[in-house]
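Peer 1: Take a look at this one; I'll ask things after.
The values are calculated or read from the model by the stated rules, or taken from the named source; none is laboratory data. The model shown is predicted, which means the values in this text are computed figures rather than measured ones. In this analysis, Cβ positions are derived from the backbone assuming ideal geometry, glycine residues included, and neighbour counts consider all displayed protein chains.
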Amino acid sequence: MSRGRRRRWRILQWLRLDPLDALGVLAYVPAMSADSEAAASQAPADLAALVGRRVQTSWSWGPRDVLLYALGVGAGQRDPALELELTTENSEGLELRAVPTFGVLMTHAAGEELLTDLDQTMIVHAEQALGLDRPIPVGGSVQVTAEVESVYDKGSGALITNRAVAVEEDTGEQLLSARSSVFVRGAGGFGGERGPSSPSWQLPHRPPDHALSAEVRPDQALLYRLSGDRNPLHCDPAFARRAGFRAPILHGLATYGIAARLLFGELCASDPNRFGSIQARFSAPVAPGGVLRVDAWEHENSFLFQVRDGAGVVVLDRGCLERSA
């Protein structure tokens, strides 16, 4: 089996995530405001009908987008002279590289389009997985196909999972696969299947093999949103309050990207050819400002990781990064 086919097989196997259990999801869900409760009562009655819904979109990018995303996930923040391969396109002796999780930008919009008839204040990102078939080029165009794979009734809400693939327009070859789960508050109780519980996941009983940290700028969400995720939950105080939060929160995918960037540098030496896949569960919101701490443990052929905020609260859980074979 060729290296490319072996990598794709490993990614497809790894992306077969089991649905989240209700306890894991609810740890990230805030109490609903009165407006949110009213919105929940208007949720579509037949959520199960979403299964099989498919959308196809095209997405193009260039070096400016790659650079902007890198800044949005904190590259160069601690020391502008470091990570120049991520933050500049004209530094002597360096070639611009895309942070691997830049790939989620390609599939995120298509995933949102699948759920346009749901109240966005009721949706909480629950889990994200990304697998690359090859390093992401710093410019190109892809065709993205996204499809709702499952809808489970968790009682207090619904858990919706979609899978997306991005295929390069110029070669017709698959570039990446992604899987995303969201929890829709107040949309449960429709009589659907509850779904299986998540498989057991446990960190090794030893200190982490790698301990990393990054500061989160107070304006990090304003910077990250320039990469395309304009959800007002991350910038509009009034919208955030309607969603049950005291103030705007950092994009979950920004937290995901910051952790991935740190791990990419530490475990892959910022070499895109060494990166295979990454997944994590969003377990608590992150307020802009403060610190994120990433602990990683070598486990068989992968690295398990967990991310905590400055108060020690786990904000990303059940993390796993696999290097390319």
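Peer 1: Scanning the range 159-214 for residues that are touching a helix residue (DSSP H, G or I) at 6+ places or on another chain (Cβ under 9 Å) and β-branched (Val, Ile, Thr), which turns out nearest to Cys268 (Cα to Cα)?
Peer 2: If we take residues in the range 159-214 being touching a helix residue (DSSP H, G or I) at 6+ places or on another chain (Cβ under 9 Å) and β-branched (Val, Ile, Thr), then Val165 is nearest to Cys268 (Cα to Cα).
Peer 1: Among what's in the range 200-215 and is of a type in the set (S, T, N, Q) and without any contact (Cβ under 8 Å) to a residue 24 or more places away in the chain, pick the residue that is nearest to Val286 (Cα to Cα).
Peer 2: Among residues in the range 200-215 that are of a type in the set (S, T, N, Q) and without any contact (Cβ under 8 Å) to a residue 24 or more places away in the chain, the one nearest to Val286 (Cα to Cα) is Gln202.
Peer 1: Sort out which residues of the range 60-84 are in contact with a Leu (Cβ under 7 Å, 6 or more places away or on another chain) and either at positive phi or surrounded by 16 or more Cβ atoms within 10 Å (Cβ to Cβ) (or both), and write them in order of number.
Peer 2: Once the filter is applied, which keeps residues that are in contact with a Leu (Cβ under 7 Å, 6 or more places away or on another chain) and either at positive phi or surrounded by 16 or more Cβ atoms within 10 Å (Cβ to Cβ) (or both), the range 60-84 yields Val66, Leu68, Tyr69, Ala70, Leu71, Gly72, Ala75, Gly76, Leu84.
Peer 1: Restricting to the range 55-68, what's the tally of residues that are hydroxyl-bearing (Ser, Thr, Tyr) and either closer than 20 Å to Ala260 by Cα or part of a loop (DSSP other than H, G, I, E, B) (or both)?
Peer 2: Of the residues in the range 55-68, 0 are hydroxyl-bearing (Ser, Thr, Tyr) and either closer than 20 Å to Ala260 by Cα or part of a loop (DSSP other than H, G, I, E, B) (or both).
Peer 1: Then there is this: Within the range 215-230, is there a residue that is touching a strand residue (DSSP E or B) at 6+ places or on another chain (Cβ under 8 Å) and surrounded by fewer than 22 Cβ atoms within 10 Å (Cβ to Cβ)?
Peer 2: yes
Peer 1: Moving on to the next point. Of the conditions (1) surrounded by 17 or more Cβ atoms within 10 Å (Cβ to Cβ); (2) in a loop (DSSP other than H, G, I, E, B); (3) out of contact with any Ser or Thr (no Cβ under 6 Å at 6 or more places or on another chain); (4) not polar (S, T, N, Q), Gly188 clears all except one; give me its number.
Peer 2: It is condition (3) that Gly188 fails.
Peer 1: Which one is farthest from Pro285 (Cα to Cα), of the residues in the range 116-136 that are within 18 Å of the chain's Cα centre (by Cα) and surrounded by fewer than 19 Cβ atoms within 10 Å (Cβ to Cβ)?
Peer 2: Once the filter is applied, the top-ranked residue is Pro135.
Peer 1: Continuing with this model, one more query. Can you find, within the range 69-91, the residue that is farthest from Met106 (Cα to Cα) among those that are under 17 Å from the mean Cα position of the chain (by Cα), assigned to a helix (DSSP H, G or I) and not small (Gly, Ala, Ser)?
Peer 2: Leu71
Peer 1: Any idea how many residues of the range 234-266 are farther than 18 Å from Val104 by Cα and crowded, with 23+ Cβ neighbours inside 10 Å?
Peer 2: Matching residues across the range 234-266 total 2.
Peer 1: So Gly52 ticks every box in (1) touching a residue at least 24 places away in the same chain (Cβ under 8 Å); (2) surrounded by 15 or more Cβ atoms within 10 Å (Cβ to Cβ); (3) in a loop (DSSP other than H, G, I, E, B) but one. Which box is left unticked?
Peer 2: (2)
Peer 1: On to the next question. Can you pull out the residues in the range 216-246 that are more than 20 Å from Gly74 (Cβ to Cβ) and either hydroxyl-bearing (Ser, Thr, Tyr) or free of Cβ contacts under 8 Å to residues at least 60 places away in the same chain (or both)?
Peer 2: Pro232, Asp236, Pro237, Ala238, Ala240, Arg246
Peer 1: Could you run through the range 151-169 and say how many residues are at pLDDT below 95, surrounded by fewer than 22 Cβ atoms within 10 Å (Cβ to Cβ) and either charged (D, E, K, R) or within 19 Å of Glu112 (Cβ to Cβ) (or both)?
Peer 2: The total comes to 1.
Peer 1: Picking from Thr57, Thr87, Thr107, which residue would you name as being out of contact with any Phe, Trp or Tyr (no Cβ under 7 Å at 6 or more places or on another chain), buried (at least 16 other Cβ atoms within 10 Å of the Cβ) and free of Cβ contacts under 8 Å to residues at least 24 places away in the same chain?
Peer 2: The unique qualifying residue is Thr87.
Peer 1: So, of the residues in the range 94-117 that are outside any helix (DSSP H, G or I) and modelled with pLDDT under 95, which turns out to be nearest to Thr145 (Cα to Cα)?
Peer 2: Looking at the filtered set, the residue picked out is Leu115.
Peer 1: Also, I was wondering about something else. Which of the residues belonging to the range 118-138 are in a loop (DSSP other than H, G, I, E, B) and either hydrophobic (A, V, I, L, M, F, W, C) or at pLDDT 95 or above (or both)?
Peer 2: Leu118, Asp133, Arg134, Pro135, Ile136, Pro137, Val138
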